[in-house]
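Below you'll find the structure, written out as structure tokens, and then a few comments.
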Amino acid sequence: MKTHRISTTISQRHWELLKKYSEKFETQQKTLELALDNLENSSKKGPALTLEEKYWMLIKRAKSAVIIEKNAFKFLIETTDVELLSELFSRDKIIEYTIELYFQKSLEECSLKEVIDGLVINLKITNWFDTVDYINNGDDYKLIMTHTFGFIFSKLIRTSIENMFETYGVKADSIVSVKTIFMRISKN
């Protein structure tokens, strides 16, 4: 292998790093070559996508989302036929579809934790909610959602999510208010 001689100056901080890693990798030459190889490899990969970014890419490919301004969405929710919209959510299994899209497998193949994780990431990505979180209580999960779309929205989402869990085969009980939804999901 052909080698080349280099001569350069480096800062005190980098000199300390070179000394430290030269002890680990035996020589300054090996240390510098490894550092350059890592730079080359990391520049080819690019930054890793977050879970949300990966999900957005799936939604984009599926062409299943439409962007609408939040105030316009709130107006549509306030003036909609909730029973008809709820029926649409249940009939078309919209929440089930988004979870299956996210995990790239059927709802039945998902664990309960995957279903809840998929639901949470989906609800966060929609920007419908100010907060979405869940707690593992041992015998059940507690899902907590806050939003600014009113009581009608709370009822619509509660019904849609409870229907999804019923389809999955677990019981979910909810308490809703104007801005919050508290849901207990049984593990049995």
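The values are calculated or read from the model by the stated rules, or taken from the named source; none is laboratory data. Computed from a predicted model, the values in this text were never measured in an experiment. Every residue, glycine among them, receives a Cβ derived from its backbone with ideal geometry; neighbour counts consider all protein chains shown. Just the protein is used for accessible areas: all its heavy atoms, side chains included, with ligands, DNA and RNA removed. Shrake-Rupley method; radii C 1.70, N 1.55, O 1.52, S 1.80 Å.
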Exercise for the section: State whether the residues of region 31-54 include one that is open to solvent by less than 90 Å² (accessible area, probe 1.4 Å) and in contact (Cβ under 8 Å) with a residue 60 or more places away in the chain. Expected result: yes
Exercise for the section: Of the conditions (1) farther than 30 Å from Val120 by Cβ; (2) touching a Leu at 6+ places or on another chain (Cβ under 9 Å), Leu58 clears all except one; give me its number. Expected result: (1)
Handout entry: When residues of region 129-160 are limited to those that are among the acidic types (Asp, Glu) and part of a loop (DSSP other than H, G, I, E, B), the one most open to solvent (accessible area, probe 1.4 Å)
Key = Asp139
Exercise for the section: Kindly provide the set of residues from region 75-92 that are part of a helix (DSSP H, G or I) and in contact (Cβ under 8 Å) with a residue 40 or more places away in the chain, ordered by number. Expected result: Ile77, Glu78, Val82, Leu85, Ser86, Phe89, Ser90
Problem - Condition broken by Lys30, with the remaining ones in (1) closer than 30 Å to Ile125 by Cβ; (2) outside the structural domain of Asp117 (by the TED database); (3) basic (Lys, Arg) satisfied - result: (1)
Practice task
Give Leu112, Leu88 a once-over and let me know the one that is under 20 Å from Ile185 (Cβ atoms) and among the aliphatic types (A, V, I, L, M).
Solution key: Leu112
Exercise for the section: Scan region 114-128 and give yes if some residue there is modelled with pLDDT under 95, in a helix (DSSP H, G or I) and over 13 Å from the mean Cα position of the chain (by Cα), otherwise no. Expected result: no
Problem - Subset of region 11-28 that is among the hydroxyl-bearing types (Ser, Thr, Tyr) and in a helix (DSSP H, G or I) - its residue that is nearest to the chain's Cα centre (by Cα) - result: Tyr21
Fill in the blank from the handout: Going through (1) among the hydrophobic types (A, V, I, L, M, F, W, C); (2) farther than 21 Å from Ser106 by Cα; (3) touching a helix residue (DSSP H, G or I) at 6+ places or on another chain (Cβ under 7 Å); (4) in contact (Cβ under 8 Å) with a residue 24 or more places away in the chain one by one, Ile125 fails only at (2)
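Here's the yes/no breakdown for (1) over 19 Å from Leu119 (Cβ atoms); (2) in the same structural domain as Lys179 (by the TED database):
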position: Glu53; (1), (2): no, no
position: Leu58; (1), (2): no, no
position: Glu87; (1), (2): yes, yes
position: Tyr97; (1), (2): no, yes
position: Leu101; (1), (2): no, yes
position: Gln104; (1), (2): no, yes
